[in-house]
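Asks: Quick one: this structure, given as structure tokens, is what I'll be asking you about.
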Amino acid sequence: MSTKNARYSLGFILSLGMLFNAASTTASETGAATVDSATYDAELANSLGADDYGMHRYVMALLKAGPNRDRDAKAAAELQRAHMANIRRLANEGVLVLAGPFFGGSELRGIYVFDVDSVEEARKLVESDPAVKAGSLVMELHPWYGSAAVKSINDVHKRIAKQAP
């Protein structure tokens with residue numbers, strides 16, 4: 001994937017939060033967006049930490065190819081197993097709400113979305129990743145404002161995955 005395509009992909013991902021919110025609104029007589037009271041669930045919004053727009057603050061990590069990627073197949077497979085174990089641990093702790101790779105083999109390798117209060121807190125979590133420690137990946141961290149529904153992904157994913165990666 002080219003850098004240009006990676007930027008477009010990232011733009012698409014960042015837009016998803018706004019799409020989640022837009023799908024649940026209707027236009028009022030004044031033209032302002034209002035919530036459809038028949039579908040609004042205050043208890044769910046509260047449990048997900050949603051603001052009045054159904055949104056929540058996160059920290060997004062862009063995983064990029066690091067300087068130390070030269071490994072034999074056995075060492076690379078072991079590092080990948082440790083990386084995936086760390087992802088599962090962070091998801092089970094509830095601080096990692098979304099993770100996944102990008103296709104195409106570009107410098108941009110994947111993303112994490114953390115449910116934490118600060119970039120510094122996310123940085124500490126990133127530093128626990130064996131692939132980051134080994135220099136195989138580097139991470140770029142950004143505050144992100146997206147749908148609070150993103151927090152539900154791990155629970156849904158557990159119900160639809162036949163096997164763990």
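Asks: Three principal axis extents, largest first, for the C-alpha atoms of segment 100-165, in Å?
Replies: Principal-axis extents of the Cα atoms in segment 100-165, largest first: 33, 29, 21 Å.
Asks: Set the Förster distance to 25 Å, then compute FRET efficiency between ALA164 and ARG57 from the Cβ-Cβ distance, nearest 0.05.
Replies: It comes to 0.30.
Asks: Under 5 Å between amide hydrogens, which residues at least 5 positions from TYR53 or on another chain qualify, with H placed 1.01 Å from N in the peptide plane?
Replies: Amide H neighbours of TYR53: none.
Asks: Right, another one. How much FRET efficiency would the formula 1/(1 + (r/R0)^6) give for ASP36 and GLU78, where r is the Cβ-Cβ distance and R0 is 45 Å, rounded to 0.05?
Replies: The pair ASP36/GLU78 has a calculated efficiency of 0.35.
Asks: Something else now. How large is log10 I(q)/I(0) at q = 0.19 Å⁻¹ when the Debye formula is applied to the Cα atoms of segment 29-142, each weighted equally and without solvent?
Replies: Once normalised to I(0) and log-transformed, intensities are -0.99.
Asks: Mind scanning LYS124/LYS151; LYS74/LYS151; LYS74/LYS133; LYS64/LYS124 and naming the pairs with a C-alpha gap bigger than 23 Å?
Replies: Table pairs above 23 Å Cα-Cα are LYS74/LYS151.
Asks: From the backbone phi of segment 125-137, what are the Karplus-calculated ³J(HN,Hα) couplings (6.51 cos²θ - 1.76 cosθ + 1.60, θ = phi - 60°) in whole Hz, Gly and Pro given as x?
Replies: Values per residue, Gly and Pro as x: 5, 4, 5, 7, 6, x, 5, 6, 4, 7, x, 6, 10 Hz.
Asks: Given Cβ point charges of +1 (Lys, Arg) and -1 (Asp, Glu) and nothing else, what value in debye, to the nearest 20, does the dipole of segment 24-165 about its Cα centre take?
Replies: It works out to roughly 920 debye.
Asks: Per residue, what accessible area does segment 66-148 have, given a 1.4 Å probe and all protein chains present, in Å²?
Replies: Each residue of segment 66-148 exposes 54 Å² on average to a 1.4 Å probe.
The values are calculated or read from the model by the stated rules, or taken from the named source; none is laboratory data. These numbers come from a predicted model, not from an experiment. Cβ coordinates were reconstructed from backbone atoms using ideal geometry, including for glycine residues, and neighbour counts include every protein chain displayed. Accessible surface is based on the protein model in full, side chains and every heavy atom, while ligands, DNA and RNA are left aside. Shrake-Rupley method; radii C 1.70, N 1.55, O 1.52, S 1.80 Å.
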